[in-house]
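Remarks on the structure that follows.
The values are calculated or read from the model by the stated rules, or taken from the named source; none is laboratory data. Everything quoted here is computed from the prediction, not taken from an experiment. Using ideal geometry, Cβ is built from the backbone for each residue, glycine included, and neighbour counts are taken over all protein chains shown. SASA here: full protein model, heavy atoms, side chains in, ligands and nucleic acids out. Shrake-Rupley method; radii C 1.70, N 1.55, O 1.52, S 1.80 Å.
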Amino acid sequence: AQSVTQPDIHITVSEGASLELRCNYSYGATPYLFWYVQSPGQGLQLLLKYFSGDTLVQGIKGFEAEFKRSQSSFNLRKPSVHWSDAAEYFCAVSPGNAGNMLTFGGGTRLMVKP
Amino acid sequence: GAVVSQHPSWVICKSGTSVKIECRSLDFQATTMFWYRQFPKQSLMLMATSNEGSKATYEQGVEKDKFLINHASLTLSTLTVTSAHPEDSSFYICSARVVALEQFFGPGTRLTVL
């Protein structure tokens, strides 16, 4: 069975600082990988996804993520965090079909200091 | 982009009553819809997969008689929480997909059972 681990439950960064949120997955083959953001009381918004090809993917709101097969990781990065980025971030995997059911990581809550 | 709506966005009910939550794909036809449950400060857990015109597939541990799912059309799936109790209070999120494409998430419904 596939699983997703987000090692950091909470992360606090200063506004303007860089950000990296970690995501590790366990799956027999290369899964489809996603990052979602959830603001308080809201649904999920897709930031970016990786299906195949270039391992560095660009997403919305200035986010990017890099797929590293050797490390089974799909870390999310942003060079300069804005206060509006404070939210919950979820990494998710799908077993090879983008429409198959998603398995979510536990989430990382990002707080941004002024 | 694909838009998924949920109604209501927030519902409060008395213990023992039933509550129906609607999930609609507004600008596309969804062959499959998924229902997730999210407890406060936790990740999303898949409850069931709903295919149009057929019975829903429930995840292990989810009571199908308590959480009734109907997917009557390609744009509408409903989740009915029957005889709701305080422990059913949660944030319920649906998603919809077109075959072989990614899932699109609704904004969620917050259920509070008194």
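When the criteria are applied in full, A:Y50 meets the requirement of being aromatic (F, W, Y), open to solvent by less than 20 Å² (accessible area, probe 1.4 Å) and under 15 Å from the mean Cα position of the chain (by Cα). Among the residues of segment A:16-33, just one is in a loop (DSSP other than H, G, I, E, B), within 14 Å of chain B (Cβ to nearest Cβ) and hydrophobic (A, V, I, L, M, F, W, C), namely A:C23.
Looking across segment B:61-114 at every residue that is in contact with a Phe, Trp or Tyr (Cβ under 6 Å, 6 or more places away or on another chain) and open to solvent by 60 Å² or more (accessible area, probe 1.4 Å), the one that is nearest to the other protein chains (Cβ to nearest Cβ) is identified as B:R110. In segment A:34-42, is there at least one residue being touching an Asp or Glu at 6+ places or on another chain (Cβ under 6 Å), part of a strand (DSSP E or B) and surrounded by 14 or more Cβ atoms within 10 Å (Cβ to Cβ)? Checked against the condition, which is being touching an Asp or Glu at 6+ places or on another chain (Cβ under 6 Å), part of a strand (DSSP E or B) and surrounded by 14 or more Cβ atoms within 10 Å (Cβ to Cβ), segment A:34-42 yields at least one hit. Among the candidates A:V13, A:V57, the residue that is of a type in the set (A, V, I, L, M), within 14 Å of chain B (Cβ to nearest Cβ) and open to solvent by 10 Å² or more (accessible area, probe 1.4 Å) is uniquely A:V57.
Across segment B:7-30, the qualifying residues are those that are touching a Leu at 6+ places or on another chain (Cβ under 7 Å) and not in a strand (DSSP E or B), and the one among them that is surrounded by the most Cβ atoms within 10 Å (Cβ to Cβ) is B:A30.
Does B:A84 meet the test of being at pLDDT 95 or above, among the hydrophobic types (A, V, I, L, M, F, W, C) and over 12 Å from the mean Cα position of the chain (by Cα)? So B:A84 passes the test. Out of all the residues in segment B:31-42, which are more than 11 Å from chain A (Cβ to nearest Cβ) and either in a loop (DSSP other than H, G, I, E, B) or on the phi > 0 side of the Ramachandran plot (or both)? Within segment B:31-42, B:F39 is the sole residue that qualifies.
Counting residues in segment A:8-15 that are closer than 15 Å to A:P79 by Cβ and either at pLDDT below 95 or assigned to a strand (DSSP E or B) (or both) gives one or more. You will find that of A:F90, A:F74, the residue that is within 8 Å of chain B (Cβ to nearest Cβ), at pLDDT 90 or above and open to solvent by less than 40 Å² (accessible area, probe 1.4 Å) is A:F90 and no other. When A:F51 is tested against (1) free of Cβ contacts under 8 Å to residues at least 12 places away in the same chain; (2) within 11 Å of another protein chain (Cβ to nearest Cβ), exactly one condition is not met: (1).
So in segment A:101-114, with the set limited to residues that are open to solvent by 40 Å² or more (accessible area, probe 1.4 Å) and touching a residue at least 24 places away in the same chain (Cβ under 8 Å), which one is nearest to the other protein chains (Cβ to nearest Cβ)?
So, considering only residues that are open to solvent by 40 Å² or more (accessible area, probe 1.4 Å) and touching a residue at least 24 places away in the same chain (Cβ under 8 Å), the one nearest to the other protein chains (Cβ to nearest Cβ) is A:G106.
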